[in-house]
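Below is one structure, written out as structure tokens; comments come after it.
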Amino acid sequence: MQGVKEKGAAQGGLRERKKRATRAALAEAAVRLAAEHGAEKVTVEAISAAAGVSVRTFFNYFDTRDDAFVVIDADAGARIRRSVREAPAALSPLEALRDAMAAELAEAEQQHELWRLHAQVLHASPHLLVRTLGAHLADETGLAEAIAARIRAGGPATAVPASASDEERRGALDLYPRLLAGVASTAVRTSVEHWCARPEEAAFLDVFQEVFALLAAGLPAPPA
């Protein structure tokens, strides 16, 4: 029975990787075509052909053509939320979030060109930019909920004094996850922008880790 379970898990993992690869290929094809021709001129048929799949397969992953342009990896948010919830209990919420995001950004340097093209496409199509911002805000809300769930489950909580009242604790539990999710999203964007401006100075993940170290230290002012 154990062998059957392991085989099933492996097959399930393989299916998930194939699905992720297909979705990523479609999103990349959409972005590259849009960067070259303009999003309004790119069809579902063209995206599907460039990714080497059928139109029917395209609609297994996206409800509309525009969805393919909005977020390059729409499943990343779900993976980060799951990692935050399942991280070792000894990690603080910030540490759990840092590690979850670092795992998703492990190939950031290889994705640099695609991210640049994606930004170019979004700025050329305001309606896609608005939809992308909405998707990011929804991800941020979901991330705050995952952080709150982790704290409620007994992970290291926020810096609320032991003498705090129940009302103060409830307030912190409502505010802290939202703040951490928002600050972490900004930290990722800052890391990407800083590294893109001077990629020769340091590896992306080194910049990312430095940014989160500054957050963990309370953003002390640098020496003059």
³J(HN,Hα), Karplus 6.51/-1.76/1.60, whole Hz, each residue of the stretch 92-98, x for Gly, Pro: 6, x, 5, 5, 4, 5, 4
Spelling out what I want: for every residue of the stretch 47-59, take phi, set θ = phi - 60°, compute 6.51 cos²θ - 1.76 cosθ + 1.60 (Karplus), and round to whole Hz; glycine and proline get x. 4, 4, 5, 5, 8, x, 10, 7, 4, 4, 5, 3, 6
FRET E, pair LEU179, GLU201, Förster distance 30 Å, beta-carbon r, rounded to 0.05: 0.50
Roll a 1.4 Å probe over the protein heavy atoms and report the accessible area of LYS19 in Å², nearest 10. 100
Would you please classify the overall shape of the stretch 1-152 from the alpha carbon gyration tensor, given that a ≥ b ≥ c denote the square roots of the eigenvalues, rounded means a/c under 1.5, and beyond that prolate means a/b larger than b/c while oblate covers the rest? oblate
For the stretch 39-92, with only Lys/Arg (+1) and Asp/Glu (-1) charged at the beta-carbon, what is the dipole magnitude about the Cα centre, in debye rounded to 20? 220
Suppose every K and R has +1 on its Cβ and every D and E has -1 on its Cβ; what is the size of the dipole of the chain about the Cα centre, in Debye to the nearest 20? 800
Which of the three applies to the stretch 83-149, rounded, prolate or oblate, going by the alpha-carbon gyration tensor with a ≥ b ≥ c and a/c under 1.5 meaning rounded? oblate
ARG198 accessible area, nearest 10 Å², 1.4 Å probe? 80
Would you be so kind as to identify which of VAL207, HIS112, ALA153 lies farthest towards the positive end of the dipole of the chain, taking Lys and Arg as +1 and Asp and Glu as -1 on Cβ and the Cα centre as origin? ALA153
What range in the chain is the longest one free of GluC sites (Glu not before Pro) that are in a loop by DSSP and have at most 11 other Cβ atoms within 10 angstrom? 1-106
Multiply the residue gap between GLU145 and VAL44 by 0.36 nm, knock off their C-alpha separation, and tell me the result in nm, one decimal place. 32.9 nm
Fraction of accessible area attributable to carbon and sulfur, the chain (%, probe 1.4 Å): 56
Could you tell me the center-to-center distance, by alpha carbons, between the stretch 134-149 and the stretch 76-96 in angstrom? 13
Give, in nm to one decimal, the length gained when the segment between ARG15 and ARG56 is fully stretched (0.36 nm per residue of separation minus the Cα-Cα distance). 13.0 nm
Additional length obtainable on full extension of the chain from ALA103 to ALA213, 0.36 nm per residue less Cα span: 38.0 nm
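The values are calculated or read from the model by the stated rules, or taken from the named source; none is laboratory data. No experiment lies behind these values; they were computed from the predicted model shown. Virtual Cβ from ideal backbone geometry, glycine too; neighbours counted across all protein chains shown. To get the accessible areas, we keep the full protein, side chains included, count just its heavy atoms, and leave off ligands, DNA and RNA. Shrake-Rupley method; radii C 1.70, N 1.55, O 1.52, S 1.80 Å.
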